[in-house]
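The values are calculated or read from the model by the stated rules, or taken from the named source; none is laboratory data. Given the structure is predicted, the values throughout are model-derived calculations rather than measurements. Because the Cβ atoms are built from the backbone with ideal geometry, glycine has one as well, and the counts that use them run over all protein chains shown. The area values use the complete protein model at the heavy-atom level, side chains included, leaving out ligands, DNA and RNA. Shrake-Rupley method; radii C 1.70, N 1.55, O 1.52, S 1.80 Å.
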Amino acid sequence: MRYNHCVLYDSIIHLKNTVAEGMTQGSIAVQLTQKVTKTTKTGKPYLELTFADAQDNMTIKVWDNEYWHAACMALQEGMGISVTANWTSGQYGMEAKELEYRPLTPEEEDTLLSGGAELVALQAEAWENILQLINSMQDPRLRALSQALVGTHEQRFRRAAAARNMHHARRGGLAEHTAGVMRAADSICSAYPQVNRDLVLAGALFHDCGKMWETGCAEHGFGVEYSDMGELLGHISVGIEVVNKLWQTICTAEQRAEWKALTPPTEQVRLHLLHLIASHHGTLEFGSPVVPKTPEALILHHADNIDAKMEMFRSAYETSPALSPTIRQRKFGLTGNAVTPLPTYTPEA
């Protein structure tokens, strides 16, 4: 082993932030999510390795004339490894020199997959928020449909990412984002009591549920998987199909008879929920087949956008290069550089 004493980084974000300040020597536990053999424009072969942990990912290039190339060729996608190297940042992004690795122990793999105590607590709280808001719904049809979703697809939902790159692009990110949208939507509804709160909350729960197939993660992996359903239909279309299938499940003959006298009519409830899913991107050019045409649909669109942008700000403060002590480089999706927010005023004791 070439490295006797070096820094142990607890996350890819920690490593990236340290490397931004100059070359560093250290080890990090990651999962190999992708290994691709490529060639340069001049025909020079190289490996492109993508590593991930619970919160971020990074890609490095390994050239065929580097002595660690042969060892990297033996790596298999899905392996959990501890990578030790001299880390720096160059024209291709993160670079690793004199790279060595070893397989993780089963205990280390479990720790890596869980993401650590802080992330576990954050995602557990998000799921509890979702369940609490579902239980607060007064409309028995929307409550039953929502409970059917989390009861049928809990594990798939809780491990999916909310996106590949833009926001909450990590294992468990879908539940974090959904909880954030539901909380934001609930707060907006409290300011406008004339809107249908139950419908808005159900729309927030279901708006991205199709991402369980579009940006789902493997049971024991961080890599965002591709599926024919997600690729051919997209999460909006899949979400509409999920609602319709679950609706058929809960609408037994007994329930239809029980709900027949309810106002608004049951079929109208289903139709309006489908509209919220279909219109939540807000505009046709951003992928929605229709624009928001009800107050509830408009609230969902903006709650979705607010939560996504708040996560982009959080990520920018944590990972974007510093342009000054108070300014971080713009993260894609934001309209400008991220400036440190004004602290909340604290009265003197």
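Bridge orientation summary for the chain: considering DSSP beta bridges with both residues in this region, about 90 percent are antiparallel. For the chain, the longest principal axis of the C-alpha atoms and the axis of helix 295-319 are separated by about 20°. Evaluated at q = 0.15, 0.23 Å⁻¹, a Debye calculation over the C-alpha positions of region 77-201 (equal weights, vacuum) places log10 I(q)/I(0) at -0.84, -1.36. Ligands, DNA and RNA are left out, and with a 1.4 angstrom probe the accessible area of region 240-312 is 56 Å² per residue. Looking only at region 28-66, which residues have a backbone nitrogen under 13 Å from a spot 7 Å from the Cα of Arg102 in the C-beta direction? Correct set: 28-29. Using only Cα atoms, find the angle between the long axis of helix 140-159 and the longest principal axis of the chain, and express it within 0 to 90 degrees, rounded to the nearest 10. The angle comes out near 10 degrees.
FRET efficiency for the pair Leu334 and Leu131, taken as 1/(1 + (r/R0)^6) with r the Cβ-Cβ distance and R0 = 45 Å, rounds to 0.90. Of the chymotrypsin sites (Phe, Trp or Tyr not before Pro) found in region 154-242, those in coil by DSSP whose Cβ has at most 13 other Cβ atoms within 10 Å are Tyr226. In this simple spin-label model, placing a label point 7 Å from the Cα along the Cα-to-Cβ direction at both Lys293 and Thr59 gives a separation of 4.1 nm.
Normalised by the residues of the chain, what does the relative contact order come to in percent, with Cα pairs under 8 Å and at least six apart? For the chain, the relative contact order is 12 percent.
The computed Cα Rg over 2.2 N^0.38 Å for the structure shown corresponds, within (i) 1.05; (ii) 1.00; (iii) 1.13, to (iii). Surface composition of the chain: carbon plus sulfur atoms hold 54% of the accessible area, using a 1.4 angstrom probe and ignoring ligands, DNA and RNA. Cα axis of helix 173-191 to longest principal axis of the chain: angle in degrees, 0 to 90, nearest 10? Tilt of helix 173-191: around 40 degrees.
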